[in-house]
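In what follows, a single structure is set out as structure tokens and then discussed.
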Amino acid sequence: MSITVFIADDQAMVRQGFGALLGAQPDISVIGDAPDGKAAVAEVARLRPDVVLMDVRMPEMNGLEAAAEILRRHDGVRVLMLTTFDIDDYVYEALRVGASGFMLKDAPAEELVRAVRVVHEGQSLLAPSVTRRMIAEVTAARAHRRTAPPELKTLTPREREVLEAIAAGRSNAEIAEALFVSDQTVKTHVSKVLQKLGLRDRAQAVVYAYETGVVTPG
């Protein structure tokens with residue numbers, strides 16, 4: 001089955017270019033697009049795509065507001081934020097509300113295609129160093145707001161290790177190698193961490209880890 005994709009961007013050339021690139025892939029189908037956040041929310045509700053590529057800065061309703069509304073309404077939809085800037089507070093906020101990651105608009109074509117597939121699989125696009133740097137810089141500026149919520153105490157020592165590794169941007173395979181366990185064991189730990197902390201995915205886990213002081217910038 002094809003991965004269905006919706007593109008929200010106020011630039012027609014971006015919508016058309018990304019649409020042509022993704023539509024040429026044998027496993028991806030672009031089923032719609034919108035020039036602003038408000039239209040995106042309405043169309044996503046109608047079309048129910050698997051993945052939404054969401055520009056950060058748009059008229060009517062910005063990407064953050066649109067992403068929050070879409071994720072609140074539709075559990076099965078994944079949102080991947082698009083930005084022109086490598087550090088953007090809007091993107092950080094989008095990760096907090098449940099977006100699965102973000103990437104720069106000028107990234108190579110193969111990275112966009114890979115990002116759509118990764119997000120569709122239920123993973124988060126956290127590998128690029130720009131993501132970790134953005135989170136680190138924003139959370140450093142908000143250090144005074146860090147708290148240690150009680151649910152952190154429900155994690156076992158191993159689960160806390162896994163949370164720290166997720167925050168460091170490590171993949172399941174890398175975590176498994178570091179902890180001398182199987183990939184399946186890591187997947188189980190990750191699932192339990194997300195469940196105990198009430199988080200949607202790995203992207204929110206990274207933000208959570210920085211905000212609560214589990215890991216610190218630098």
Check your understanding: Which members of segment 64-80 meet the condition of being closer than 10 Å to MET54 by Cβ and not in a helix (DSSP H, G or I)?
Key -> VAL79, LEU80
Revision key, fill the gap. Counting only residues that are open to solvent by 50 Å² or more (accessible area, probe 1.4 Å) and not in a loop (DSSP other than H, G, I, E, B), segment 192-218 contains a total of 4
Review point. Could you say whether any residue in segment 75-83 is over 22 Å from GLN204 (Cβ atoms), open to solvent by 40 Å² or more (accessible area, probe 1.4 Å) and in contact (Cβ under 8 Å) with a residue 12 or more places away in the chain?
Key: no
Exercise for review: Could you grab the pairs with beta carbons closer than 8 Å, sequence gap of 6+ or different chains, first residue in segment 155-181 and in a loop (DSSP other than H, G, I, E, B), second one at pLDDT 90 or above?
Suggested key: LEU155/LEU163; LEU155/VAL193; LEU155/LYS196; LEU155/LEU197; ARG170/ALA178
**Study point:** Members of segment 125-134 that are more than 24 Å from ARG15 (Cβ to Cβ) and either open to solvent by 10 Å² or more (accessible area, probe 1.4 Å) or at pLDDT 75 or above (or both)
**Key:** LEU126, ALA127, SER129, ARG132, ARG133
Check your understanding: So which residues in segment 94-114 are open to solvent by less than 20 Å² (accessible area, probe 1.4 Å) and either farther than 21 Å from VAL206 by Cα or modelled with pLDDT of 85 or more (or both)?
Key -> ALA99, SER100, LEU112, VAL113
Review point. ASP106 passes all but one of (1) in a loop (DSSP other than H, G, I, E, B); (2) out of contact with any helix residue (DSSP H, G or I) (no Cβ under 6 Å at 6 or more places or on another chain); (3) closer than 18 Å to VAL119 by Cα; which number fails?
Key: (3)
Revision key, fill the gap. Selection over segment 165-191 where residues are farther than 19 Å from GLY98 by Cβ and open to solvent by 30 Å² or more (accessible area, probe 1.4 Å) yields a count of 18
Review point. Does any residue of segment 31-39 turn out to be within 25 Å of VAL206 (Cβ to Cβ) and touching a strand residue (DSSP E or B) at 6+ places or on another chain (Cβ under 8 Å)?
Key: yes
Practice item. Run down ALA45, ALA67 and say which single residue is open to solvent by less than 10 Å² (accessible area, probe 1.4 Å), touching a helix residue (DSSP H, G or I) at 6+ places or on another chain (Cβ under 7 Å) and of a type outside the set (Val, Ile, Thr). Key: ALA67
Exercise for review: Could you tell me whether segment 138-152 includes any residue that is modelled with pLDDT of 85 or more and aliphatic (A, V, I, L, M)?
Suggested key: yes
Practice item. Out of MET61, MET1, MET54, report the one residue that is buried (at least 17 other Cβ atoms within 10 Å of the Cβ) and farther than 26 Å from GLY169 by Cα. Key: MET61
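The values are calculated or read from the model by the stated rules, or taken from the named source; none is laboratory data. Predicted model, so just to flag it, every value in this text is computed and none were measured. As a convention, Cβ positions derive from the backbone with ideal geometry for all residues, glycine included, and neighbour counts pool all protein chains shown. Ligands, DNA and RNA are stripped out before the accessible areas are found, and what is left, the full protein with its side chains, is counted by its heavy atoms. Shrake-Rupley method; radii C 1.70, N 1.55, O 1.52, S 1.80 Å.
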